[in-house]
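Bear in mind that the values in this text are calculations on the coordinates, not laboratory data. This is a predicted model, so every value here is computed, not measured. Note that each Cβ is placed from the backbone with ideal geometry, even for glycine, and that neighbours are counted across all protein chains shown.
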Amino acid sequence: LAKTTQPISMDSYEGQEVNITCSHNNIATNDYITWYQQFPSQGPRFIIQGYKTKVTNEVASLFIPADRKSSTLSLPRVSLSDTAVYYCLVGDMNTGFQKLVFGTGTRLLVSP
Amino acid sequence: ETGVTQTPRHLVMGMTNKKSLKCEQHLGHNAMYWYKQSAKKPLELMFVYNFKEQTENNSVPSRFSPECPNSSHLFLHLHTLQPEDSALYLCASSQDFSGTGELFFGEGSRLTVL
């Protein structure tokens with residue numbers, strides 16, 4: 001299993017761009033990188049997933065360098081409602097979700 | 001609304017009670033999961049069902065008993081729990097074990113064991 005390392009917490013202000021980096025040095029060839037967002041007392045919500053280079057959707061962008069040993073979730077112009085915990089997961093989607101491990105995540109606090 | 005509904009949202013029970021948590025998904029998925037999230041701890045995968053068959057039991061104590069009568073419903077039967085079992089119990093579903101890798105979570109059932 002590819003172990004992931006994220007900052008425990010980050011602070012930002014409304015309107016700023018936030019970049020959360022996740023390290024996964026032993027990522028395997030078939031592993032994908034997935035990010036989830038969790039608000040207090042709710043279940044996590046899928047944000048974005050990628051394999052290499054850059055992926056963008058209406059919510060965020062995911063940057064993955066060529067060596068794939070890290071990835072960066074980019075949240076453009078955050079608002080107060082983006083205050084949440086963000087999880088980086090790495091795993092082979094074809095071998096079962098039981099092998100995906102949620103770590104402690106990054107707690108993002110957005111202030112006015 | 002994620003398409004995964006959990007009831008009850010809050011539950012308080014004594015250590016000798018028997019209760020059940022219910023999860024229903026309206027997404028046509030084939031795999032369903034129970035996770036436990038204790039305060040300040042990562043999510044812990046408890047059970048996995050794929051096409052109604054249990055495929056994973058992560059050394060969960062027998063006082064937790066899952067049941068999956070069909071691909072849309074998942075139960076967690078609780079019996080003789082301990083105060084340390086107090087946590088947020090999350091149900092999730094996915095199309096299967098492959099594909100885009102998206103898990104759909106319910107809002108959870110907050111359990112307090114007195």
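Report those strands (runs of 3 or more DSSP E) wholly inside the stretch A:1-82 carrying at least 1 residues which are of a type in the set (S, T, N, Q), without any contact (Cβ under 8 Å) to a residue 24 or more places away in the chain and within 14 Å of another protein chain (Cβ to nearest Cβ).
A:45-50
Inside the stretch B:1-31, can you point out the residues that are touching a Lys or Arg at 6+ places or on another chain (Cβ under 8 Å) and in a strand (DSSP E or B)?
Selection gives B:GLN6, B:THR7, B:HIS10, B:LEU11, B:MET13.
What number goes with the only condition from (1) in contact with a Leu (Cβ under 7 Å, 6 or more places away or on another chain); (2) facing chain A (nearest Cβ under 9 Å) that B:ALA31 does not pass?
The single condition B:ALA31 does not satisfy is (1).
Looking at (1) within 15 Å of the chain's Cα centre (by Cα); (2) within 13 Å of another protein chain (Cβ to nearest Cβ), find the lone condition where B:LYS19 falls short.
Of (1) within 15 Å of the chain's Cα centre (by Cα); (2) within 13 Å of another protein chain (Cβ to nearest Cβ), only one is false for B:LYS19: (2).
Could you tell me how many of the residues in the stretch A:67-98 are under 17 Å from A:ASN30 (Cβ atoms), surrounded by fewer than 17 Cβ atoms within 10 Å (Cβ to Cβ) and touching a strand residue (DSSP E or B) at 6+ places or on another chain (Cβ under 8 Å)?
The number of residues fulfilling the criteria is 1.
Does the stretch B:32-48 contain at least one residue that is part of a strand (DSSP E or B), more than 12 Å from the chain's Cα centre (by Cα), surrounded by fewer than 16 Cβ atoms within 10 Å (Cβ to Cβ) and of a type outside the set (Val, Ile, Thr)?
no
Regarding A:VAL85, is this residue free of Cβ contacts under 8 Å to residues at least 60 places away in the same chain and part of a strand (DSSP E or B)?
Taking the combined requirement at face value, the residue satisfies it.
Out of curiosity, is A:VAL101 touching a His at 6+ places or on another chain (Cβ under 7 Å) and either closer than 21 Å to B:TYR33 by Cβ or away from chain B (no Cβ under 14 Å) (or both)?
no
Table: residues versus (1) closer than 24 Å to A:SER41 by Cβ; (2) touching a strand residue (DSSP E or B) at 6+ places or on another chain (Cβ under 6 Å).
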site	(1), (2)
B:LYS41	yes, no
B:TYR49	no, yes
B:ASN58	yes, yes
B:SER65	no, yes
B:SER71	no, no
B:PHE75	yes, yes
B:ASP85	yes, yes
B:PHE105	yes, yes
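Among the residues of the stretch B:55-72, count how many are surrounded by fewer than 16 Cβ atoms within 10 Å (Cβ to Cβ) and either more than 11 Å from chain A (Cβ to nearest Cβ) or over 12 Å from B:TRP34 (Cβ atoms) (or both).
Number of matching residues: 9.
Would you please name the residue that is nearest to the other protein chains (Cβ to nearest Cβ), looking only at residues in the stretch B:82-98 that are over 14 Å from B:LYS36 (Cα atoms) and within 15 Å of the chain's Cα centre (by Cα)?
B:SER94
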